[in-house]
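The values are calculated or read from the model by the stated rules, or taken from the named source; none is laboratory data. Everything numeric here is computed off the predicted structure, so don't read it as measured data. Here the Cβ is made from the backbone with ideal geometry for all residues, glycine too, and neighbour counts use every protein chain on show. Keep in mind that these areas ignore ligands, DNA and RNA; they rest on the heavy atoms of the full protein, side chains included. Shrake-Rupley method; radii C 1.70, N 1.55, O 1.52, S 1.80 Å.
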Amino acid sequence: MQYLHQIKTPEDIKSLKIAELKILAQEIRKEIISVVSQNGGHLAPNLGAVELTLALHSVFHTPEDKLIWDVGHQAYVHKLLTGRYERFSTIRTYGGLSGFPKRSESAHDAFGAGHSSTSISAAVGMVKARELRGEKHNVIAVIGDGAMTGGMAFEALENAGHLNSNLIVVLNDNEMSIDPNVGAMAEYLSRVRSNPSYTKSKEDVEELLKKIPAIGDKMFKAADRLKDSLKYLLVPGVLFEEFGFKYYGPVNGHDLSALLTVLDNVKNMNCPVLVHVVTQKGKGYAPAEKNPDLFHGVGAFDVLTGQIKKKTTLPSYTSVFGNTLRELGKADESIVGITAAMGKGTGICIFQEQFPERTIDVGIAEEHAVTMAAAMALEGFKPVVAIYSTFLQRAYDQILHDVALQKAPVVFCLDRAGIVGDDGPTHHGVFDIAYLRHIPGMICMAPKDENELRHMLHSALQYHAPVAIRYPRGAGLGVAQDEVLQVLPVGKGEVLQEGERVTLLALGSMVEVARQVAQRLKDEKNITATVINARFVKPLDETLILQYGRNSQLLVTLEEHSLAGGFGSAVLELLNQEQVNISNVLRIGIGDEFVPHGNTELLKQLAGLDVQSITEKISSRLAELQV
């Protein structure tokens, strides 16, 4: 019998027996593998969380109970159980389901996610809201062991430990294995300590001891000390108990009976509880079990072989960065690579292969990575911090206060700058210019292609100043890469071709687009355009911009970034400062909105960043100016 297609709400699984839930788990894994093989997505984390999610929805009652997912990499099963089975094939496609929890998508998505280490903070907020309203529902935060490396998670644990109220944190640990002997003892202790009758008897004994005249308090304190001593020797999770949580586990995250028992036992406790669940990434799909990192976030693949379907053979910006950093590291022993749990995603792993002692992965702790880099820079090293544009947002204060204020020469390499596609608004790197360019002393630049990225990385290490280099996700243009690297003059752009009426002032990924726009204007409108590779957002090439700003009939700025506070804004500020007429300026970028998820090229078209849209905008503005 098949069950998945019958599940319309989580209530539909509550009557299923363990054997039936196991069949449902197999169906869910099959469905996720099938859809992700076509659309791409976070495969291994979701396969590992199937039984856990089934148990959570069997015991709790969403949306009345608040189930909060951290990051969202493990929420596909949740979507399938909360009325989204019919649309699941659309996940991560434009207009389809989001790859992350999204409040506007379902009442069962209590809190949106996409960045790490947020679920416990959100859960504390919802507990506080529940208390203020005098309500009684459960609040459950699910967080992975990777997300627990983030400082925000521990800030939330510290605050949550003071709650005298029900809060359940489920630690989904998919990296650690359980030693059989220790695990058996831990499972026994977990069963005993999560049993309400044990908790009640423990409290009774404590009260009884305290009431014995003269010696009661001493006996209680002695028993308490003995309990703590034994606990440190035998009981895992002492750290969480020091935060004020009652700890239960480790629990086998693929044993439905064990999960249902412990979750049912803790759901009515009037204190913070942490349930430690151990799962296997990629569970149920051999290629993902064998290589969980590869299948963590994966593109389309062949289900039978597990072979990833490659779309291009061109080198990616990420790989070019990694290879160039390794090349530079050979000649300069002061270069250090730093990443926040994204060694492969950023390409730092390439540097790490040759220089493991000079590579530091801090875990999901961007703030720490930046301040640590500042200190290393002040001690004479050359730290290169490789972080996705969207994740560096989390370390804004550290960039300003610890790096820039002290003029620490840290190089920030912002991978995934611009529109990144299927991961959607939590991952598009379209705000970095706005939060970096106003910081005093910060140099901000963007390469027009992968070869220029090499020169920019080399240059950044020579500038002796805080530097940020932003570059896009995916393949480069396939240009030849220079063997000899040059230091680019700070704040100097590059005129790629001369025209007579229109100047296209483009940044980074938009330079190639500008070239194509210029060709289309010439072919279709007989309009010749100057194309300038701006290279630098800060400092701007003021001489070049003012020259063409004064002499062009139309000056067009192009950026794959938010218009508010972006490159075009910087150009307008310069022109206004120098009292240059700005009525002939057209800014092209992303408007005042969050870009949805979907195919990257489609999203660029919707944002008006494709060749045709830009050409039409220029033609329209020229007509308005009667040029």
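Taking 22 Å as R0, compute the FRET efficiency from the Cβ-Cβ separation of Gln553 and Glu593 and round it to 0.05.
0.15
Label segment 554-627 by shape, choosing from rounded, prolate and oblate, from the square roots a ≥ b ≥ c of the eigenvalues of the Cα gyration tensor; if a/c is under 1.5 it is rounded, and otherwise prolate applies when a/b is larger than b/c, oblate when it is not.
oblate
How long is the gain from Glu11 to Asn323 if the chain were fully straight, where each residue apart is worth 0.36 nm and the alpha carbon distance is subtracted?
So the extension gain works out to 107.1 nm.
Return the distance in nm (one decimal) between the two label points of a simple spin-label model at Asn164 and Glu498, each offset 7 Å from Cα along Cα→Cβ.
8.1
Taking the Cα centre of the chain as origin, sum charge times position over the Cβ atoms of Lys and Arg (+1) and Asp and Glu (-1), and report the length of that vector in debye to the nearest 20.
For the chain, the charge dipole is close to 880 debye.
With r defined as the distance between the Cβ atoms of Lys128 and Glu241 and R0 fixed at 22 Å, what FRET efficiency is calculated, to the nearest 0.05?
0.50
Can you tell me how segment 403-474 classifies by the Cα gyration tensor, rounded, prolate or oblate, using a/c under 1.5 as the rounded cut?
oblate
Using a probe radius of 1.4 Å on heavy atoms only, what accessible surface per residue do you get for the chain? Whole Å² is fine. Please report the intermediate quantities before stating the final value.
On the way: 27010 Å² over 627 residues.
Accessible surface, normalised per residue, equals 43 Å².
Placing +1 on the Cβ of each Lys and Arg and -1 on the Cβ of each Asp and Glu in segment 501-579, which of Thr503, Gln579, Gly566 has its Cα farthest towards the positive end of the resulting dipole?
Thr503
Relative contact order for the chain using alpha-carbon pairs under 8 Å, separation at least 6, rounded to a whole percent?
On the way: 1266 pairs, mean separation 69.1, N = 627.
Once normalised by length, the contact order is 11 percent.
For segment 1-123, just say rounded, prolate or oblate: build the C-alpha gyration tensor, square-root its eigenvalues into a ≥ b ≥ c, call rounded for a/c under 1.5, and beyond that prolate if a/b exceeds b/c, oblate if not.
Taking the square roots of the gyration eigenvalues as a ≥ b ≥ c, segment 1-123 is oblate.
Whole angstrom only: what separates the Cα centroid of segment 106-163 from the Cα centroid of segment 447-512?
Their Cα centres are 42 Å away from one another.
What number, in percent, do you get for the relative contact order of segment 452-604 if the mean sequence gap of Cα pairs under 8 Å and at least 6 apart is divided by its residue count?
Relative contact order here is 20 percent.
Would you work out which of Leu81, Thr149, Ala113 lies farthest towards the positive end of the dipole of segment 1-149, given +1 charges on the beta-carbon of Lys and Arg and -1 on that of Asp and Glu, about the Cα centre?
Final value for the positive-end residue is Ala113.
Rank Ala404, Asn268, Gln354 by how far each Cα sits towards the positive end of the charge dipole of the chain (+1 on Lys, Arg Cβ; -1 on Asp, Glu Cβ) and give me just the farthest.
Value computed over the given set: Asn268.
Which value at 222 nm does the chain reach when only helices count, each DSSP H run of 4 or more adding -39,500 (n - 2.57), with the total divided by all residues and rounded to the nearest 500 deg cm²/dmol?
Helices in the chain give a 222 nm mean residue ellipticity of -12000 deg cm²/dmol.
How many percent of the accessible area of segment 491-547 is carbon or sulfur, using a 1.4 Å probe?
Working: 920 of 2370 Å².
Carbon and sulfur together cover 39 percent of it.
Give, in nm to one decimal, the length gained when the segment between Lys407 and Ile582 is fully stretched (0.36 nm per residue of separation minus the Cα-Cα distance). Mind showing how you got there, number by number?
Details: separation 175, 0.36 × 175 = 63.00 nm, distance 3.40 nm.
Fully extending the segment from Lys407 to Ile582 adds 59.6 nm.
What angle do you read, to the nearest 10 degrees and between 0 and 90, between the alpha-carbon axis of helix 119-133 and the longest principal axis of the chain?
60
Which pairs in the list Lys79/Lys604; Lys283/Lys604; Lys8/Lys30; Lys281/Lys344 are over 26 Å apart, alpha-carbon to alpha-carbon?
Long pairs (Cα-Cα over 26 Å): Lys79/Lys604; Lys283/Lys604.
Given 0.36 nm per residue, what is the gain on full extension from Cys271 to Lys617 after removing their alpha carbon distance, in nm?
Additional length available on full extension: 118.6 nm.
Taking only Cα atoms, what is the 0 to 90° angle, nearest 10, from helix 50-59's long axis to the longest principal axis of the chain?
For helix 50-59, the angle is close to 60 degrees.
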